[in-house]
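See structure below.
The values are calculated or read from the model by the stated rules, or taken from the named source; none is laboratory data. Please read all numbers here as calculations on a predicted model, not as lab measurements. Please note: Cβ atoms are built from the backbone with ideal geometry, for glycine as well, and neighbour counts cover all protein chains shown.
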Amino acid sequence: MLFLILLVVTLTFKKWKKIFLLIGFLSISYFVGITLIFYGNLNFKLDVIKFIIPVIIFSLAITNILYSVNTFKFRDSINYIFVILFGFFNGLGTSTDLSLLFSRNEIEILQILEVVFGFGTAISIIVFLMLIVNLLFQKIVPLIKVKWVVGYSIIVIFISLPMIFKQLFH
């Protein structure tokens with residue numbers, strides 16, 4: 001959810017094509033993460049995944065702040081990289097949960113696609129609702145968009161830092 005907040009705070013309904021692409025890349029990288037665990041014999045320790053996900057969230061928050069202060073033309077490219085990384089590692093994390101339900105030999109690609117479709121649908125609904133909430137907040141409290149982005153990013157930094165430290169010193 002924190003990751004989605006950071007993505008959505010920079011977007012509006014006018015950028016629906018970009019939103020569609022971001023959700024698509026998130027779902028595809030999520031699918032790749034799950035599939036590599038079940039069919040590619042890839043193994044990751046759950047502790048590593050639980051560390052990497054908050055680091056990605058923290059990094060996106062820092063990036064949002066830096067881009068809010070200075071405008072760079074590569075913002076979209078970096079957001080896509082963050083989305084792909086987050087989706088991939090989230091898929092790896094989800095695969096550990098799925099491995100409790102299915103063994104590597106009994107899960108079929110259709111079952112993975114069902115999970116990914118559910119993930120993509122849930123993400124789409126959450127993003128749509130967050131865009132509405134973001135629009136309402138900006139109408140109620142008329143601040144410059146840069147202040148909204150920086151404010152949300154700072155809040156997410158303070159939430160993600162304890163998650164990172166917990167994994168480091170666990």
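Please work out if PHE88 is without any contact (Cβ under 8 Å) to a residue 60 or more places away in the chain and outside any helix (DSSP H, G or I). No, not satisfied.
Of the residues ILE57, ILE107, ILE123, only one is outside any helix (DSSP H, G or I) and touching a helix residue (DSSP H, G or I) at 6+ places or on another chain (Cβ under 6 Å); which?
On the way: ILE57 fails: outside any helix (DSSP H, G or I); ILE123 fails: outside any helix (DSSP H, G or I).
Sole residue among the options that is outside any helix (DSSP H, G or I) and touching a helix residue (DSSP H, G or I) at 6+ places or on another chain (Cβ under 6 Å): ILE107.
Annotation note: of ILE125, ILE132, the sole residue that is within 15 Å of the chain's Cα centre (by Cα) and not polar (S, T, N, Q) is ILE125. Looking only at residues of the range 27-43 that are among the aromatic types (Phe, Trp, Tyr) and under 19 Å from the mean Cα position of the chain (by Cα), we find that the one that is nearest to PHE89 (Cα to Cα) is TYR30. Among the residues of the range 16-46, the one identified as part of a helix (DSSP H, G or I), charged (D, E, K, R) and surrounded by fewer than 16 Cβ atoms within 10 Å (Cβ to Cβ) is LYS17. The set of residues from the range 57-75 being modelled with pLDDT of 70 or more, under 15 Å from LEU7 (Cβ atoms) and not hydrophobic (A, V, I, L, M, F, W, C) comprises SER59, THR63, ASN64, TYR67, SER68. Filtering the range 129-150 to residues that are surrounded by 15 or more Cβ atoms within 10 Å (Cβ to Cβ) and modelled with pLDDT of 85 or more leaves MET130, LEU131, VAL149, VAL150.
Looking at the structure I just gave you, is PHE38 among the aromatic types (Phe, Trp, Tyr) and within 29 Å of LYS145 (Cβ to Cβ)? Let's see the steps before the verdict.
Details: among the aromatic types (Phe, Trp, Tyr): yes; within 29 Å of LYS145 (Cβ to Cβ): no.
No, not satisfied.
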